[in-house]
Amino acid sequence: VVVVVLAIVLGLTLTRYSDHLRSTVIGRCESFLKKHTDVSRVNDCERIWGAFEEAYVGKDPCEVPAEAYDPLISSVTQHVICGTMLFWSKTKALAHAFTDNRECLVTLEDTLLGFVFDELTWCSKNGSKETFTTDCPGWSECQNNPVRSFWIRASANFAATSCGNVSAMLNGSLESPFSSTSVFGSVEVKSLDPNKVDDLTILLVTKETDTTTCASSSFQSLRSALDPKIAYNCREVPYNRVENCISDPEIPCSDCL
Ligand code: AVW
């Protein structure tokens, strides 16, 4: 009797975890489409959920490669205006606070795919039909985990579809703002298409006491990773100015960055 009761309780708990992720994903997807009416007729949240599950359900949580998300990527239709793509590295909160109330720049997490899965955790098990949202491998625990592979695939797609003059917000409080092992350094910079992207501008957000500048040697590795056909720019942007622009959306973007 005890075993049966435990099995039922466990079963219910597992079902609830799966259902909870499903309702979060569908709920976020629907609210995004309500707000972005231009893409609402060409996207189907149920279909997106199905393509998402297809990537990792039934697989060992350390054996989900980035390509497993190809069907998910194809299930989403979204166009970002050329010249508005903003990458970020070690500046997540600041970059999002900045793009939140402005149209001039768009991060991956402001697009349907990034918005829906931001900050979520998921995995399954070999041979299982379940989705778990706890006890999944951490970011660096194994290479091919469902969450890391998703962000690698989604970031590669965001960069590969970028066009015009793109920018990246980096953290001037760090000695090496550019890391070649970050998603920006290892996936996005290399996925930029030189036939579509004219230049990459680094927005190095610096506080008054920071000593790192655009002359930092860490940008040498960025330049060598970047296709030589794509022009490179770097600009130091005062942190105070960014904060000021975050608190006042009326200030034009051109006066902010
Ligand atoms: P990040 P990225 N361990 O600020 O350039 C745990 O370095 O990588 O920016 N979590 C990690 C690790 C790690 N070693 N590395 C990354 N993460 C997770 C998508 C963690 O959740 C957008 F398009 C951390 O908060 C950006 O242009 C987050 O990834 C680009 O990728 C950001 O790490 C930012 O990736």
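Quick note: the coordinates plus some simple rules give every number you see, no bench work behind them. Computed from a predicted structure; not experimentally measured. Note that each Cβ is placed from the backbone with ideal geometry, even for glycine, and that neighbours are counted across all protein chains shown.
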Alpha-carbon spread of the chain, three principal axes, descending order, Å: 69, 38, 37
Restricting to DSSP loop positions (anything but H, G, I, E, B) with no more than 10 other Cβ atoms inside 10 Å of their own Cβ, which GluC sites (Glu not before Pro) remain in segment 177-236? Glu208
Lys and Arg at +1, Asp and Glu at -1: neighbours of Gly83 with Cβ under 13 Å from its Cβ sum to -2
Shape verdict for segment 156-257, please, from the Cα gyration tensor: rounded (a/c under 1.5), prolate (a/b greater than b/c) or oblate. oblate
To the nearest 20 debye, the chain has a Cα-centred charge dipole, built from +1 on Lys and Arg Cβ and -1 on Asp and Glu Cβ, of 300
Please sort 241-249, 103-111 by packing, taking for each peptide the average over its residues of neighbouring beta carbons within 10 angstrom, highest first. 103-111, 241-249
For segment 69-133 the trypsin sites (Lys or Arg not before Pro) that pass both the DSSP coil test and the at-most-11 other-Cβ-within-10 Å test are Lys129
Mind jotting down the distance between the C-alpha centroids of segment 12-85 and segment 203-257, whole Å? 32
First measure r as the distance between the Cβ atoms of Asp100 and Leu10, then evaluate 1/(1 + (r/R0)^6) with R0 = 41 Å and state the FRET efficiency to the nearest 0.05. 0.55
Counting each DSSP H run of 4 or more residues in the chain as -39500 (n - 2.57), what helix-only mean residue ellipticity at 222 nm follows after dividing by all residues, to the nearest 500 deg cm²/dmol? -12500 deg cm²/dmol
Quick calc, Asp118 & Glu236: beta-carbon distance into FRET formula, R0 41 Å, rounding 0.05, result 0.90
Out of all DSSP beta bridges with both ends in the chain, state the antiparallel percent to the nearest 5. 5
Share of alpha-carbon pairs per 5 Å distance bin for segment 43-87, given as whole %: 5, 20, 22, 17, 16, 13, 6, 2
